[in-house]
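Chemist: Okay, here's the structure, questions in a sec.
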Amino acid sequence: ARPTVAIIGRPNVGKSTLVNRLCDAGRGGAIAVDEVGVTRDRVYQRAEWCGRVFDVVDTGGLLFDDEESDQFLAEIREQASLALRESCAVVVVVDGRTGIVRTDEDIAAFLRKWPSQIETVLAVNKCESPEREPEMVADFWPLGLGEPLPCSAIHGYGVAEVLDAVLPAV
Ligand code: GDP
Ligand code: MG
């Protein structure tokens, strides 16, 4: 089977937009402008980078708006578990504009406890301010998920670096 990379994170951080970018990057294609934000929300998409072919699985479709509810957390864990079980790497997406929120910490704690070896990449999305980027990125070190990588899925910025970070696992 092809290696699979899971994309996880709370709602609206830009997971689906990033998935589309990751999968379009190797084809040399930018996403058509009117497609940006109108996320395709396909669960699996094929990506290709530096000659490696792998699947990217988007964990979209979370059902609960109340991020603090136990039901929401149970759902995010369930979806993440299903995706992680078949993945060799995971990209955790966070929102650089909001900084760390409680759900990010919950996801990070969940991942740190994950029983098998899985390459973890931390993507700090919505980084569109070069002046603020250093502090936006630094904010996420305490998650304990390694080096936070700045990106802007909507503009395609930093996407190559996220793919490079995933490469050793695929
Ligand atoms: P998901 O719920 O995590 O899958 O997030 P989506 O990919 O559906 O994006 C949620 C919202 O954030 C949409 O309005 C996107 O257009 C927007 N968005 C996604 N990526 C970026 C980004 O890099 N910068 C900005 N400013 N907005 C983004
Ligand atoms: Mg989505």
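A short reminder: the numbers here are calculations on the coordinates, not readings from a lab. These numbers come from a predicted model, not from an experiment. Neighbour counts run over all protein chains shown; Cβ positions are idealised from the backbone, glycine included.
Chemist: When the distances between all Cα atoms of the chain are binned every 10 Å from zero, what whole-number percent does each bin get?
Modeler: P(r) for the chain, in whole percents per bin: 11, 43, 38, 9, 0.
Chemist: Only helical DSSP H runs with n ≥ 4 go in: add -39500 (n - 2.57) per run for the chain, normalise by residue count and round the 222 nm mean residue ellipticity to 500 deg cm²/dmol.
Modeler: Calculated from helices alone, the mean residue ellipticity at 222 nm is -9000 deg cm²/dmol.
Chemist: Take the Cα coordinates of the range 81-170, assign each an equal point scatterer, and use the Debye formula without solvent to give log10 I(q)/I(0) at q = 0.13 Å⁻¹.
Modeler: -0.41
Chemist: In addition: Going through the range 120-170, which GluC sites (Glu not before Pro) have at most 16 other Cβ atoms within 10 Å and a DSSP loop state?
Modeler: E128, E131
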